[in-house]
Every structure is written in C-alpha cells, then in structure tokens.
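The values are calculated or read from the model by the stated rules, or taken from the named source; none is laboratory data. The shown structure was predicted, so the numbers you read here are calculated from the model rather than taken from an experiment. Note: ideal-geometry Cβ built from the backbone for every residue, glycine included; neighbour counts use all protein chains shown.
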Amino acid sequence: MDTVRRPTSVLFACNFNSVRSPMAEGLAKQMFGGSIYFDSVGVRQGSVDGFAIAAMAESDIDISYHDAKTFDDLEDTSFDLVISLTPEAQHKAVELTRTMAVDLEYWPSLDPTGIDGSREVVLDAFRKVRDDLRRRIEERFGAG
C-alpha cells in the first residue's frame, strides 16, 4: 500500500459544513473508514442540508445526524491531509496549516444550493456533487 497516497487522517472543508464536506466525509467513511480517519468542517456554522441528506441516503449513507462544525470547533488539528472544496475553505485551511506539516489539496466543487427549479432538478444537482466527490475520493485514495 502506498503510504504517500493513503494518509491516516483527512479533513474535508467547505463553507458551512452543510453540503459538500459532510457528503465527502460520509462517502470517504463508507469507502475507507476502516483504514483512514475522516472529519469535516466549515468556515462558518451551518446545518446539514435536507437535499444532501436525501442524495446521500440514496447511497445508503446517513448524514442526518451530522453535527456541522467550524475550523474553530476542531479539538485536534493533526491531520495528514486537508481537502478544501471551496475557495474560502482553501484560504482558511492555508491559514490553519501555515506552521504545520500537512498536505493541502483543493478540489473545486459545485455549490448545489444555488440551483433553482423543481425538487427533482435540485436533487439532481446534489446527486452530481455526490457522484463527483465519490469519483475524486476513489481517484485520490485508490480502491476501497
């Protein structure tokens, strides 16, 4: 196993820890939770979006219990890798890790909360984010 490609602890970060980062955390835990520790945060406090919960439930992942938190809420910041999903989160991650030995990656991700339309149109946008995150996680961490 390539230890460079497989960190032991990963933090996903987005703006509110309500859509993208909890989705990424849930997917990663489902695929690699037995070998890698995952957590997620936002730049600001939010609450988990109902469409994110619905899209993840389709993949048998329950994020309805997710307790959204911010960078300031982290009790431990000793992650091997921080993956930012938004520009604002990337900026905050750079600030947080300035004096730490941690790898940073930026995965630009669609914000599905800005999509207008019927429930199905909006849910499709959340599914796209879920599927894109799954693909990126598989590419980054290898086969589960």
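Can you find, within the stretch 21-60, the residue that is surrounded by the most Cβ atoms within 10 Å (Cβ to Cβ) among those that are of a type in the set (S, T, N, Q) and modelled with pLDDT under 95?
Just the residues of the stretch 21-60 that are of a type in the set (S, T, N, Q), to begin with: 21, 30, 35, 40, 45, 47, 59.
From the residues that got through so far, the ones that are modelled with pLDDT under 95 too are 35, 45, 47.
On the way: SER35: 11, GLN45: 13, SER47: 11.
Per the criteria, the residue is GLN45.
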If only one of GLY114, GLY142 is farther than 16 Å from SER84 by Cα, loosely packed, with under 15 Cβ neighbours inside 10 Å and in contact (Cβ under 8 Å) with a residue 12 or more places away in the chain, which one is it? GLY142
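What are the residues in the stretch 61-83 that are buried (at least 16 other Cβ atoms within 10 Å of the Cβ) and either within 15 Å of PRO22 (Cα to Cα) or in contact with a His (Cβ under 6 Å, 6 or more places away or on another chain) (or both), if any?
Filtering the stretch 61-83 down to residues buried (at least 16 other Cβ atoms within 10 Å of the Cβ) leaves 61, 63, 66, 68-71, 79-83.
Residues satisfying the conditions are ILE61, ILE63, HIS66, ALA68, LYS69, THR70, PHE71, VAL82, ILE83.
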When only residues in the stretch 70-86 that are under 12 Å from the mean Cα position of the chain (by Cα) and in a loop (DSSP other than H, G, I, E, B) count, which is farthest from ASP39 (Cα to Cα)? THR86
Unmet requirement for TYR106, which otherwise passes all of (1) modelled with pLDDT of 95 or more; (2) of a type outside the set (Asp, Glu); (3) more than 17 Å from ILE137 (Cβ to Cβ): (3)
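When you go through ALA28, ALA89, ALA55, ALA24 one by one, which is the residue that is part of a helix (DSSP H, G or I) and more than 13 Å from the chain's Cα centre (by Cα)?
When all the criteria are applied, what remains is ALA55.
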